[in-house]
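Encoded as structure tokens, the structure appears first; notes follow it.
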Amino acid sequence: MKENIFDAIVVGGGHAGIEAAFALAKQNFNVALITLNKNKLASMPCNPSIGGPAKGIITREIDALGGVQAFFADLSMIQVKMLNESKGPAVRAIRAQIDKDKFSKIIGEYVENNIYITVIENMVDSLIIQDKKVKGVTLNSGINIFSKIVIITTGTYMDSKVMRGNEVTVSGPDGDSTSSKLSENLKENGFDLMRLKTGTPARVFANSIDFSEVEKEVLGLEDLTFSDYSNVKLKSQTHCFLTYTNEETHKIILDNLDKSSMYSGLINGVGPRYCPSIEDKIVRFQDKKRHQIFFEPETSKGDIFYINGLSTSMPIEIQNKFIRTIPGLKNANVSNWGYAIEYDAINSLQIKKSLESKIIENLFFAGQINGTSGYEEAAAQGLVAGINASLKILNKEPLNLLRSDSYIGVLIDDLTLKGTKEPYRMLTSRAEYRLLLRNDNADIRLAKYALDTNMITKIRYEEIIKKYLIISNKIHELKKTYLSSTDPMAVKLNIFNGQSFFKILSRPEINVDDFIKDFKYKDNLLTHIRLEGYIKKQNIAAKKMIRLEFLKIPQDIVYNDVKNLATEAKQKLTLIKPETLGQAYRISGINPADIEMLLFYINTIYTK
Ligand SMILES: Cc1cc2nc3c(=O)[nH]c(=O)nc-3n(C[C@H](O)[C@H](O)[C@H](O)COP(=O)(O)OP(=O)(O)OC[C@H]3O[C@@H](n4cnc5c(N)ncnc54)[C@H](O)[C@@H]3O)c2cc1C
């Protein structure tokens, strides 16, 4: 039946799913977006915020690549700030509090108005596979939907179980249904699944919080957005509030540790190291007398607050006890109790850098199902999967983002070459070229990729090129403009031998406004001036890696035939099947001598 045939099927309307659907729609492909609840697209079961260290830069990169998370985040943000403003530009990142209902609603409206996206509210139970190629999916209702490409973005729903104390509920997040049959079907088709876990804290009604006992985080209005397209100017900042746990809180939790699903052994799934539950924090840092707790408004109504820092899998009666020990929450009226959720994810070593599966052709995976954690990480993968699915249909080479041009490149490289055993969250420390991967230059770093994949227009591309031309012309001008030693400013700055403006401005204590007036891209310019040396060094290091990145490895190579290759290297290369020498180089356990052997073999002995 014609209505059951699409160019592509996206399973799951979460953060990854909507990016994939919009990317395919942007290429005029007909997309079936199959999801459990069409009124809950891109829902936020965890903190009502987007961005933060490294994550905020990923959202900027999604915007630069023609994705949508940044745009929708701007349209629904209720607070925005630049983190690490006082630190170097490499770690500065935007973080915004999001009205999570408005975020989901706006996305629902844009999806509904997009003629290329058809939303089907149903559960996918299995894949239709012929000769190791996916042809479509079978719904819980037994109906078959056919397509050239399938992208699975089922998040934390795969055979998920919600846990509080010794209470186990077969359910998805926030009472949604779980997706057990698809997990089984993936296993039957040769996919390794692993058990992961994440958790969330209680939510409390605002009218039961005593705000006189907590610290209000006062923020000035900042003209900040994630997207270069949204033109959003926040008129007022909604506030978060800071409070702390105390020894009484810690005592209740330690005295009842065996009642926590995590500590009673009920949970097998591995949790996120960098997003620990309150139990984990108290056990791991027993010397700490208190832990920070942030009250974050869930929506602009401000009627319910997310209690950030109190994620837990304790039974309700214990949560009820320890919550009341926290200043501000003595009379807390809880709207939703905290819980942990255990779910299946696939072994990400089974997918290529394009996010297409290595064992079933035309089948792509994106989001939490690949072992990551976070809205930003999920959306980035959804976007790349959507772009690469389009390129696959058009029979074109996939988009291959590098570690030196984006955090998204680092994310996908780590997943597909190193894999992960716990929920993978992006951190600045994961990016060896982080000085190149800044909040301010996401547009120029990804513009060519976005143009070549038809994700931005030629006009937009030229605007970006023009911006950076203006910046580099200004740098040129500043290098050629000298402050004579007789100039009063030179005297004030103790400059005796005439220095270029560029040299003067590289000094952090210099007030840039004394030398540069009315220049639109002052931040970019200053970053270039003050980091020039470091950026040059990182570019040189990156260029060395890029050389290896384009040396392709024939995919039918038999590593056991490569003489003098270490046994460990033979095993790992056979398992992971890297596509380039650069990728092989980054697999842990592969050393430079192995790469030399491989290069020699490919160039001399290897015959098709
Ligand atoms: C309780 C909880 C706590 C979390 N805590 C954190 C945290 O502390 N830090 C953090 O960074 N991240 C956290 N997260 C993770 C964050 O929510 C996810 O990273 C993000 O939502 C992943 O996006 P996604 O698109 O991969 O999947 P999801 O947002 O989970 O979306 C999956 C979509 O797939 C649909 N779906 C599932 N199965 C099927 C099927 N068989 N057929 C059709 N549709 C299907 C669902 O309806 C849903 O729309 C938490 C998540 C949960 C649930």
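The values are calculated or read from the model by the stated rules, or taken from the named source; none is laboratory data. This is a predicted model, so every value here is computed, not measured. Every residue, glycine among them, receives a Cβ derived from its backbone with ideal geometry; neighbour counts consider all protein chains shown. In case anyone asks, the SASA skips ligands and DNA or RNA and just uses the protein heavy atoms, side chains included. Shrake-Rupley method; radii C 1.70, N 1.55, O 1.52, S 1.80 Å.
Below is a table of values for the structure above.
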item: Where LEU483 falls short, out of the listed (1) open to solvent by less than 30 Å² (accessible area, probe 1.4 Å); (2) modelled with pLDDT under 85; result: (2)
item: The range 174-211 - residue that is free of Cβ contacts under 8 Å to residues at least 40 places away in the same chain and away from the ligand (no atom under 12 Å from the Cβ) and, of those, most open to solvent (accessible area, probe 1.4 Å); result: GLU188
item: Candidate set from the range 571-608 (those that are among the basic types (Lys, Arg) and in a helix (DSSP H, G or I)); member that is most open to solvent (accessible area, probe 1.4 Å); result: LYS572
item: All positions within the range 220-270 that are in contact with a strand residue (DSSP E or B) (Cβ under 8 Å, 6 or more places away or on another chain), within 18 Å of SER49 (Cβ to Cβ) and hydroxyl-bearing (Ser, Thr, Tyr); result: THR225, THR238, THR243
item: Filter result (touching a Lys or Arg at 6+ places or on another chain (Cβ under 7 Å), open to solvent by 20 Å² or more (accessible area, probe 1.4 Å) and over 23 Å from ASP405 (Cβ atoms)) within the range 55-94; result: LYS81, GLU85
item: Which listed residue, of ALA593, ALA541, is among the small types (Gly, Ala, Ser), at pLDDT below 90 and farther than 21 Å from TYR433 by Cβ; result: ALA593
item: Some residue of the range 493-502 being of a type outside the set (Ser, Thr, Tyr), part of a helix (DSSP H, G or I) and out of contact with any helix residue (DSSP H, G or I) (no Cβ under 6 Å at 6 or more places or on another chain); result: no
item: Top-ranked residue in the range 252-283 [being within 26 Å of the chain's Cα centre (by Cα) and outside any loop (DSSP other than H, G, I, E, B); ranked as farthest from VAL162 (Cα to Cα)]; result: LYS281
item: Selected residue (only one of GLY17, GLY52, GLY12 is within 11 Å of the ligand (Cβ to nearest atom), in contact with a helix residue (DSSP H, G or I) (Cβ under 9 Å, 6 or more places away or on another chain) and without any contact (Cβ under 8 Å) to a residue 60 or more places away in the chain); result: GLY52
item: Some residue of the range 217-232 being among the hydrophobic types (A, V, I, L, M, F, W, C), modelled with pLDDT under 95, over 28 Å from GLU61 (Cβ atoms) and not in a helix (DSSP H, G or I); result: yes
item: Per-region count, the range 429-472, residues more than 23 Å from TYR521 (Cβ to Cβ), of a type in the set (S, T, N, Q) and either outside any helix (DSSP H, G or I) or in contact with a Pro (Cβ under 7 Å, 6 or more places away or on another chain) (or both); result: 2
item: Qualifying positions in the range 560-570 - loosely packed, with under 13 Cβ neighbours inside 10 Å and not acidic (Asp, Glu); result: ASN560, LYS563, ASN564, THR567
item: Qualifying residues in the range 494-527 (those that are touching a Lys or Arg at 6+ places or on another chain (Cβ under 9 Å) and open to solvent by 100 Å² or more (accessible area, probe 1.4 Å)) - the one nearest to LEU478 (Cα to Cα); result: LYS503
item: Every residue from the range 260-274 that is surrounded by fewer than 18 Cβ atoms within 10 Å (Cβ to Cβ) and more than 13 Å from ILE341 (Cα to Cα); result: SER264, GLY265, ARG273, TYR274
item: Tabulated pairs, the range 279-303, first modelled with pLDDT of 95 or more and aliphatic (A, V, I, L, M), second crowded, with 18+ Cβ neighbours inside 10 Å and not in a strand (DSSP E or B), C-beta under 7 angstrom, 6+ apart or interchain; result: ILE282/HIS250; ILE282/ILE253; ILE293/THR245; ILE293/GLY309; ILE293/LEU310; ILE293/ILE326
item: Some residue of the range 309-327 being in contact with a Lys or Arg (Cβ under 7 Å, 6 or more places away or on another chain), at positive phi and more than 10 Å from the ligand (Cβ to nearest atom); result: no
item: Residue match in the range 531-540 (condition: under 28 Å from SER348 (Cβ atoms) and either surrounded by 13 or more Cβ atoms within 10 Å (Cβ to Cβ) or of a type in the set (Asp, Glu) (or both)); result: yes
item: The range 402-428, residues that are of a type in the set (A, V, I, L, M) and assigned to a helix (DSSP H, G or I); result: ILE408, VAL410, LEU411, ILE412, LEU415, LEU417
item: Hey, SER141 assigned to a loop (DSSP other than H, G, I, E, B), open to solvent by less than 30 Å² (accessible area, probe 1.4 Å) and either within 29 Å of MET77 (Cα to Cα) or within 16 Å of the ligand (Cβ to nearest atom) (or both) or not; result: no
item: Residues of the range 335-355 satisfying the condition of being under 20 Å from GLN583 (Cα atoms), open to solvent by less than 10 Å² (accessible area, probe 1.4 Å) and not in a loop (DSSP other than H, G, I, E, B); result: SER348, ILE351
item: Top-ranked residue in the range 23-41 [being within 25 Å of THR299 (Cα to Cα) and more than 7 Å from the ligand (Cβ to nearest atom); ranked as least open to solvent (accessible area, probe 1.4 Å)]; result: LYS38
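Residue-wise test of (1) in contact with a strand residue (DSSP E or B) (Cβ under 6 Å, 6 or more places away or on another chain); (2) part of a helix (DSSP H, G or I); (3) over 16 Å from THR580 (Cα atoms); (4) hydroxyl-bearing (Ser, Thr, Tyr).
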position	(1), (2), (3), (4)
GLU532	no, yes, yes, no
LYS537	no, yes, yes, no
ALA541	no, yes, yes, no
PRO554	no, no, no, no
ILE557	no, no, no, no
LEU565	no, no, yes, no
